[in-house]
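The values are calculated or read from the model by the stated rules, or taken from the named source; none is laboratory data. Bear in mind that the values here come from a model prediction, so they are computed numbers and not experimental data. Note that we place each Cβ from the backbone using ideal geometry, even for glycine, and neighbour counts take in every protein chain shown.
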Amino acid sequence: MDKRNAKRLADANKAGDTVQALTANRLSDGIVVYLDGQGGWTEDMAKARFAEDDETLQQMQGIADKAVADRLVVEVYPIGVMIEDEGPVALSVRERIRAAHKTTLTKDWYDVPL
Amino acid sequence: MALVDLSSGSLLTDAAPPIVELVPETDDAALAEAAKEAGDNAGPIAIQFPNFGDGRGMTLARLLRERIGFKGEIRAVGYLIPDLAPFLLRCGFDTAELADPAATETWKESLARIDRAYQPGVRNPLAMRYGKGESAGRAGDAESPAGDGESAAKALADKLAGTKDIAARMALIAESVDGRLAFSSSLGLEDQAILNAIAEARPDGGAFDIFTLDTGRLFPEVLETLEMSEIRYRLRIRSVVPDAKEVEELVARDGVFGFRQSIENRKSCCEIRKVRPLNKALAGAAAWITGVRREQSGARAEMPLAEWDAAHGLIKVNPLADWNGEELDAYLAEHNVPVNPLHARGFISIGCQPCTRAIQPGEDPRAGRWWWESEEKKECGLHMNPMRERVSEGQAA
Amino acid sequence: MYRYDEFDNTFVRERVAEFRDQAERRLSGQLSEAEFKPLRLRNGLYLQLHAYMLRIAIPYGELSPRQLRQLAMIGRKYDRGYGHFTTRQNLQFNWVRLVDMPDILDALADVEMHCIQTSGNCIRNTTADPYAGAAFDEIEDPRVWCEVIRQWSTLHPEFNWLPRKFKIAISGAAEDRAATEFHDIGLRIVKGPDGKTGFRVLVGGGMGRSPFVGKEIRPFLEKQHLLSYLDSMLRVYNRYGRRDNIYKARIKILVHELGIDKYREEVEADWEANRKESIDLPQAEYDRIAAYFEPPALAPRPVRDEGVDARRETDPAFAGWLRNNAKPHKVPGYTSVVVSLKEPGRTPGDASSEAMELVADLAEQYGNGAIRVNYTQNLILPHVAWSDLPALYDALAAGGLATGNNELLGDLICCPGLDYCNLANARSIPIAKEIAKRFEDPERQAEIGQIRLNMSGCINACGHHHSGNIGILGVDKKGTELYQITLGGSPKDDASIGSIIGPGFRAEAVPDAIDTIVSTYIAHRDEGETFLDTWRRLGAEPFKEALYGAR
């Protein structure tokens, strides 16, 4: 884990009553994905598996390590997520942008709030 | 410590320890001192690479070669990845330390990839790619009368007959012939022996203009051999290429493998890819040095050591004409001359890739060329002397 | 423009084959990510926030219609139908797949393009005046030397593992339109004592964490010695540049720490010993390259045109576009047209595949087939006949490419920021859009006049915020995006680095803050003063007071 990811994990842990998800980029096309409950990888953060404790996160990390070895994903790291009524929301702006999978081509596209 | 030999990509396991080992911070004074010490003790200088992203060692090697003129082995040690290999080579390194001897193949592959570079450097003494593909060097004396040429050729042949030492013969050629000495090399065994001899007789190349006919259909191994030779001898081997338009028209007419359909097709392919570029490269040269040996084929059995080539208006020199295969092999082994790896795989006479196959032990050495054709016709046209051809026809009649 | 010969073509194809092999080894597991990363970066492939990003070198910002169409094709087939022109005259695709990369590189090679050295600690694409060969104030066309440097620097054996990345800019005109003072090496073509042209050589300029304006190492270098002198400059940097701290590894820090005099001494000593004759380009090779840059045969034409005059009278949008986006040309009756990628509400520098194709078509129809990329993230058609302007304007307007805001406030420079970039700390695109919308009214922009607004989403300063008359830097303050404003920077001949005006602003407050700064300038300016003039005359006080109130 590089320094940036270590910092991200520390930030995620600081956040109190939040859960954690594991995110990565798919090796073949680089698209943002999340580890899901079946050990697969989903582009939809709402379908991600969320860890409420370190033990679960460790276990998820083990699955992710294997996915890295199997060349499915790269750059795995945990993120902090808040479960809101309308669904899970990443704590950091960066992760909200990643989860949105948005392009900036069209006018007035921007739906991650300023 | 295992090393990879950057000129061949092969593994060296019994390397001598370095005389000095330089850190990347080495200054000019220490560099000069190290070169002297290593030179006095005839041993290698090692240059450390603390990590593969640290390019300071590249500068040190170039300074050793270009400024200080260090001729001994320069060895890269430390954190090195195979992808650095071509860069190390071009900066003047001879060997590199291998963390894992199993990675030799990857190093070899990385070394085989380079056959072009823009920059001048240790392997490329000319600025950028200037000079590639055009005639370089002094032009020969214009319009020598043929009679003078014939007597000069005869005189040279007599001088050359006085020794069988190939380097001595090259020195004789350089002394006797005034003007550009064109050496057309196919990177075959004979040509490599001549190259070695040129480097011995004239380390800076002198008036020798070394070139190869890059037909566009050469084996990659031929280009690798070219690369290795340039590095070993620090001499440039020019690539002489066919006219693109002519090749396009030829392929449009006959197809990519049209030369297999008829001897006529094959000959026009040879004509466009070899004969015409050769004629272009020979224009204005005073002599043409070839690696032809009498032993090689029936058509070559009467080849003199030097003869007047009226068609090209120059003296054609065949300094190996009287050598046999054993003598050649012994010379190559003794001088550790870089040779085409294909020879070890049964290829003897190597031309264009589609027209060359390996031969079986005992087969005629040129049996691997245009193997679908009969023996008498197997010349590409490069060494066809119209005069002699008529003579032999007359004899046959 | 330069065309590949057999050598260049084979060279690039070999690199494609090499990457194809490396990508296959990665996908089959022979290479780990750690091993593959430096290899893909050598071909401009980054893993960014959302996906892989591919940076394609546009040598000194010059494109042919065929190349631009191919880029449009790549955008459509392998990306999401658009690309982003960068502040270094390159193009980035944001959504390419690793598995498609070898085919993309092949498609680029088909039109004589590549991605070599668009990343990594090596010599990058040379920046040039985008009006080269057309500008009325040009002393000599710098593109020949750009191409010479491109070839010389491509896979240079000695200079491929420098302490840090290395960027060279060349301008051959009276006005510096290549930001030469903010490059590792800046070259200005100047007339020497005997009337011959040569280079004024600057070194150690740069932005990033520690911005510096370049320092003069040589007032005049004979042209024929350019490569051997660069060789010596690079060698001294390669040997003595810092490698212990990534933030102190650029040449600007070496020059700053040694002092320009000591650095010059080292370079001159090395140059004295350098084998100039084997490094400097022989005249014949220079001539071979220069032949590709012969100016198009443009017959002088009338400098006035009734159609243009009539349209200007009746159509204020056209008149504004004409005033700002049509630049003087060296041949009478011609002009260089800025094709704006700054329509308010759009991402600065983004172009859809359709837009690229339109520009390619129009370059053929009206522009002698020439296209340039400006580091201000616009395209330029350098050779357009004055009388063709109304037709060209209409065609561009139909594609949303005729915004007449060149060098006005709406022509702001902006990096991709946190919307795309893995290094960014804050977003820049949405802020830029909000600012552009705030100043959308052309009359307001005309009233403000020429002004350079630059924004970066992190300290690496891809948006050149240090050299903006107004600069905006996005930072991350405890999880919140915050925007620092600097004033007084300039990328031109009077190059200067902006000063921070005070505490940062939250994203939503930035447009107001810019409005306040601009209004303060208008209120205080003397007749004919630019923003920079007023700033330099008055200093920070009035702006501070307007932004933060009396303290």
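Per-residue answers, yes or no, for (1) assigned to a loop (DSSP other than H, G, I, E, B); (2) within 14 Å of another protein chain (Cβ to nearest Cβ):
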position	(1), (2)
C:Q151	no, yes
C:E158	yes, yes
C:R164	yes, yes
C:A169	no, no
C:E181	no, no
C:V190	no, no
C:P193	yes, no
C:I217	no, no
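Evaluation of C:K196 against the conditions (1) modelled with pLDDT under 95; (2) under 30 Å from C:L423 (Cα atoms) shows that the sole unmet condition is (2). Across the range B:1-17, the number of residues qualifying as crowded, with 21+ Cβ neighbours inside 10 Å and more than 21 Å from B:E109 (Cα to Cα) comes to 0.
Of all the residues in the range B:71-86, those that are at pLDDT below 90, within 27 Å of the chain's Cα centre (by Cα) and not small (G, A, S) number 5. Scanning the range C:274-302 for residues that are in contact with a Phe, Trp or Tyr (Cβ under 8 Å, 6 or more places away or on another chain) and within 8 Å of chain B (Cβ to nearest Cβ) yields C:L281, C:P282, C:A284, C:E285.
What about C:P542, is it outside the structural domain of C:V213 (by TED's automatic domain parsing), in contact with a helix residue (DSSP H, G or I) (Cβ under 6 Å, 6 or more places away or on another chain) and either at pLDDT 95 or above or assigned to a loop (DSSP other than H, G, I, E, B) (or both)?
Numbers: outside the structural domain of C:V213 (by TED's automatic domain parsing): yes; in contact with a helix residue (DSSP H, G or I) (Cβ under 6 Å, 6 or more places away or on another chain): yes; either at pLDDT 95 or above or assigned to a loop (DSSP other than H, G, I, E, B) (or both): yes.
For C:P542, the condition - outside the structural domain of C:V213 (by TED's automatic domain parsing), in contact with a helix residue (DSSP H, G or I) (Cβ under 6 Å, 6 or more places away or on another chain) and either at pLDDT 95 or above or assigned to a loop (DSSP other than H, G, I, E, B) (or both) - is met.
For the range C:413-432, which residues satisfy the criterion of being under 20 Å from the mean Cα position of the chain (by Cα) and over 13 Å from C:L473 (Cα atoms)? Correct list: C:Y420, C:C421, C:L423.
Going by what's in this entry, would C:Y229 be described as surrounded by fewer than 23 Cβ atoms within 10 Å (Cβ to Cβ), among the aromatic types (F, W, Y) and modelled with pLDDT of 95 or more? No: the conditions fail for C:Y229. As a summary of the residue check, B:E221 satisfies the conditions (1) touching a His at 6+ places or on another chain (Cβ under 8 Å); (2) over 24 Å from B:R62 (Cα atoms) except for the one numbered (1).
Evaluating C:R143 against the criteria (1) in contact with a Ser or Thr (Cβ under 7 Å, 6 or more places away or on another chain); (2) away from chain B (no Cβ under 14 Å); (3) in contact (Cβ under 8 Å) with a residue 60 or more places away in the chain; (4) closer than 30 Å to C:L298 by Cα leaves one unmet condition, (1). Here are some conditions: (1) part of a helix (DSSP H, G or I); (2) touching a residue at least 40 places away in the same chain (Cβ under 8 Å); (3) within 12 Å of chain A (Cβ to nearest Cβ); (4) touching a Phe, Trp or Tyr at 6+ places or on another chain (Cβ under 9 Å). C:I104 meets all but one. Which one does it not meet? Among (1) part of a helix (DSSP H, G or I); (2) touching a residue at least 40 places away in the same chain (Cβ under 8 Å); (3) within 12 Å of chain A (Cβ to nearest Cβ); (4) touching a Phe, Trp or Tyr at 6+ places or on another chain (Cβ under 9 Å), C:I104 violates only (3). Here is a check on your reading of the model: is B:E230 outside the structural domain of B:S10 (by TED's automatic domain parsing) and over 26 Å from B:A171 (Cα atoms)? Against the criterion (outside the structural domain of B:S10 (by TED's automatic domain parsing) and over 26 Å from B:A171 (Cα atoms)), B:E230 does not qualify. Restricting attention to the range C:88-99 and to residues that are within 18 Å of C:S353 (Cα to Cα) and within 13 Å of chain A (Cβ to nearest Cβ), the residue that is surrounded by the fewest Cβ atoms within 10 Å (Cβ to Cβ) turns out to be C:R97. When the residues of the range B:62-71 are filtered to those that are without any contact (Cβ under 8 Å) to a residue 60 or more places away in the chain and not in a loop (DSSP other than H, G, I, E, B), the one that is farthest from the other protein chains (Cβ to nearest Cβ) is B:L64. Residues of the range C:48-87 being more than 10 Å from chain A (Cβ to nearest Cβ), more than 13 Å from the chain's Cα centre (by Cα), of a type in the set (A, V, I, L, M) and not in a strand (DSSP E or B), which ones? Across the range C:48-87, the qualifying residues are C:L68, C:L71, C:A72, C:M73, C:I74. Against the criterion of being surrounded by fewer than 15 Cβ atoms within 10 Å (Cβ to Cβ) and over 17 Å from C:R97 (Cα atoms), C:S28 does not qualify. Just name the residue that is nearest to the chain's Cα centre (by Cα) out of those in the range C:105-115 that are farther than 27 Å from C:N368 by Cβ and surrounded by 22 or more Cβ atoms within 10 Å (Cβ to Cβ). Taking the candidates together, the pick is C:C115. Among the residues of the range B:245-266, are any in contact with a Pro (Cβ under 8 Å, 6 or more places away or on another chain), at pLDDT 85 or above and not charged (D, E, K, R)? No, the conditions are met nowhere in the range B:245-266. Give me a count of the residues in the range B:101-118 that are touching a residue at least 60 places away in the same chain (Cβ under 8 Å) and assigned to a loop (DSSP other than H, G, I, E, B). Matching residues across the range B:101-118 total 2. So in the range A:64-93, with the set limited to residues that are of a type outside the set (S, T, Y), within 11 Å of the chain's Cα centre (by Cα) and under 30 Å from C:G29 (Cα atoms), which one is farthest from the other protein chains (Cβ to nearest Cβ)? Step by step, filter the range A:64-93, then rank; the result is A:P78.
Looking at the range B:244-256, can you tell me whether even one residue there is in a helix (DSSP H, G or I), of a type outside the set (D, E), assigned by TED's automatic domain parsing to the domain that holds B:K164 and closer than 23 Å to B:A201 by Cβ? So that I can check it myself, show each step before the final result.
Just the residues of the range B:244-256 that are in a helix (DSSP H, G or I), to begin with: B:244-254.
Next, from what is left, pick out any that are of a type outside the set (D, E): B:244-245, B:247, B:250-253.
Checking the rest, the ones that are also assigned by TED's automatic domain parsing to the domain that holds B:K164 come to B:244-245, B:247, B:250-253.
When the remaining residues are screened for being closer than 23 Å to B:A201 by Cβ, the result is none.
Looking for residues that are in a helix (DSSP H, G or I), of a type outside the set (D, E), assigned by TED's automatic domain parsing to the domain that holds B:K164 and closer than 23 Å to B:A201 by Cβ, one finds none in the range B:244-256, hence no.
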